[in-house]
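Worksheet: the structure to be examined is printed underneath.
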Amino acid sequence: MTSSTHDEVRNAPPIPVANESTEAFWQLAKNGQLATQRCNSCGWQSYPPRMVCPNCHADPPSFDWTPVSGRGRLATWTIVRDALLPGFADQVPYIVGEVELDEQDGLRFLARLSGIDEDALRVGLRLRACFADGGEGTRVPLFEEDPS
Ligand SMILES: [Zn+2]
C-alpha cells in the first residue's frame with residue numbers, strides 16, 4: 001500500500017459496521033427504508049436501540065427493527081463547522097438534526113440534514129428520510145426537506 005492510498009483510507013469518512021443487533025437496520029437502510037426498534041411486547045418504538053423497553057420493561061426483552069415512514073419534524077439541530085474526524089473535513093459545514101418521527105411522540109432520530117440552507121432551519125420543519133452512499137455498499141440515512 002502506498003502512503004497516498006493509506007492517507008486516503010485514513011481520511012475517508014468511517015463506514016457503518018453492522019453488528020448482531022443492528023444488522024437488520026442497515027439492511028433496511030440499504031433498501032432505502034428507515035427503521036426503528038419496536039418492542040414485541042407493547043409496540044413501543046425506540047431509537048437508538050435499547051437493551052430494555054423503556055415503556056413496558058418486558059423481561060426478557062424482545063425487539064424487531066420495523067420500517068417507519070421516515071417523515072417527521074425538525075426538533076433541534078446543530079451546525080458542524082469543525083470536523084472531529086479527518087474524513088469529514090471536506091464536508092463542513094454541515095447540519096445535524098434531531099428529527100421527531102411522525103410514528104410516536106418523542107421518537108427522535110439523529111442524522112445529517114441534506115440540501116437545507118441554514119436560513120431555512122426552524123423547529124417544526126417537515127423532513128423526510130433519504131439515503132446517501134456510506135461506502136462499501138452501505139446506505140446512510142439523512143433527512144431532507146419534505147415538500148409534500
Ligand atoms: Zn415494550
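Those residues that are of a type in the set (D, E, K, R) and within 16 Å of the ligand (Cβ to nearest atom), I need them from region 48-78; list them, please.
The answer is Arg50, Asp59, Asp64.
When region 68-95 is limited to residues that are free of Cβ contacts under 8 Å to residues at least 40 places away in the same chain and surrounded by 14 or more Cβ atoms within 10 Å (Cβ to Cβ), the one that is farthest from Phe143 (Cα to Cα) turns out to be Ala83.
Within region 58-65, can one find any residue that is within 13 Å of the chain's Cα centre (by Cα) and surrounded by 18 or more Cβ atoms within 10 Å (Cβ to Cβ)? So far as region 58-65 goes, no, none of its residues is within 13 Å of the chain's Cα centre (by Cα) and surrounded by 18 or more Cβ atoms within 10 Å (Cβ to Cβ).
The listed residues are Gln27, Gln33, and the only one of them that is assigned to a helix (DSSP H, G or I) and more than 16 Å from the ligand (Cβ to nearest atom) turns out to be Gln27.
Looking only at region 124-136, residues that are outside any strand (DSSP E or B), touching a strand residue (DSSP E or B) at 6+ places or on another chain (Cβ under 6 Å) and surrounded by fewer than 18 Cβ atoms within 10 Å (Cβ to Cβ) come to 1 in all.
For region 32-72, which residues satisfy the criterion of being among the aromatic types (Phe, Trp, Tyr) and either within 26 Å of Ala132 (Cα to Cα) or modelled with pLDDT under 95 (or both)?
Tyr47, Trp65
For first residues located in region 34-49 and more than 14 Å from Ser21 (Cβ to Cβ), partners that are outside any loop (DSSP other than H, G, I, E, B) and of a type in the set (Lys, Arg) and lie 6+ apart or on another chain with Cβ distances below 8 Å form the pairs Trp44/Arg38; Gln45/Arg38.
The values are calculated or read from the model by the stated rules, or taken from the named source; none is laboratory data. Quick caveat, the model's predicted, so the values are computed rather than measured. Because the Cβ atoms are built from the backbone with ideal geometry, glycine has one as well, and the counts that use them run over all protein chains shown.
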